[in-house]
Every structure is written in structure tokens, then in C-alpha cells.
Amino acid sequence: MGRPSSAFYTTPSIRLHSGSVAAHGGIALFKYLKKLLRNILIGGVIVVAPLVILYIVFDIVFDLIVGLIRPLSSVLSSSIGLNITLADLLGIALILVICFLIGLLV
């Protein structure tokens, strides 16, 4: 069958490019590993950074919304006797229904 067609290949004798590791003193292997680890790290940052930013934005928006509906949820909690978290969710649902009704009128 022969060698693979790509310029980079490995065989059981650990050959990198066209020379062996022993002939290069292991330098080629360390350069390869350094490049591989750098690419893995950069790829991980590229995937994780947007998720962290999205989490921070959602946390800020959620805190803003809960802060705005806290008076409504405290009234719902004291008058109906609901848990404060359930009252928050009910307040958000009520605001969404009001926005939907306004959208129907426009």
C-alpha cells in the first residue's frame, strides 16, 4: 500500500515529516506538541468565551427584569400567598402577556 499521501505522517517508528525523532533530537516532536497544545487551547477559548459572555449578559438581564418586577411580585406574594420565585415567574408571564396584547393592538 505504501505511505499515506499527505506530507505529515506517522509510522510505528515515530517518523515526523521526513526524518525520525532521534535524528532531530526530539525537537520536531516538541514543536508539534507545542503547536497542538496551542491550537487546543485557542480552540477551547473560542468555544468557552462566547458561552461565558452569554451567561453574563443573561444574568445581567435577568437581574434587571427581576428588579423591575420585584414590586409586582411582592404584591402577588403577599396577596395570594405565593412563593417569591413563583411570584417572579408569574410577574414575568404577566408582562409578556401585556406585551403580546399591545402587539395585537398595534
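We did not get these values from a lab; they are worked out from the coordinates using the rules stated. This structure is a prediction, so every number in the text was calculated from the model and none was measured. Cβ atoms come from the backbone with ideal geometry, glycine included; neighbour counts cover every protein chain shown.
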So for the pair residue 60, residue 40, with labels modelled 7 Å out along Cα→Cβ, what separation do we get in nm? 3.4 nm
For a quick protection proxy, order the peptides 40-51, 68-79 by their average other-Cβ count within 10 Å, most packed first. 68-79, 40-51
Per the charge dipole of region 15-105 (beta-carbon charges, Lys/Arg positive, Asp/Glu negative, Cα centre), the residue among 41, 67, 89 reaching farthest to the positive end is 41
Set the Förster radius R0 to 41 Å, insert the Cβ-Cβ distance between residue 47 and residue 70 as r into 1/(1 + (r/R0)^6), and round the FRET efficiency to 0.05. 0.70
Estimated vicinal HN-Hα couplings, Hz - region 26-42 in sequence order (Karplus 6.51, -1.76, 1.60; Gly, Pro = x): x, 5, 4, 5, 5, 5, 5, 5, 4, 5, 5, 5, 5, 5, 5, 5, 5
Note the full-extension length gain between residue 29 and residue 83 as 0.36 nm times their separation in residues minus their Cα-Cα distance, in nm to one decimal. 13.3 nm
Can you give the Rg/Rh ratio of region 15-105, where Rg is from the C-alpha atoms and Rh is the Kirkwood radius? 1.52
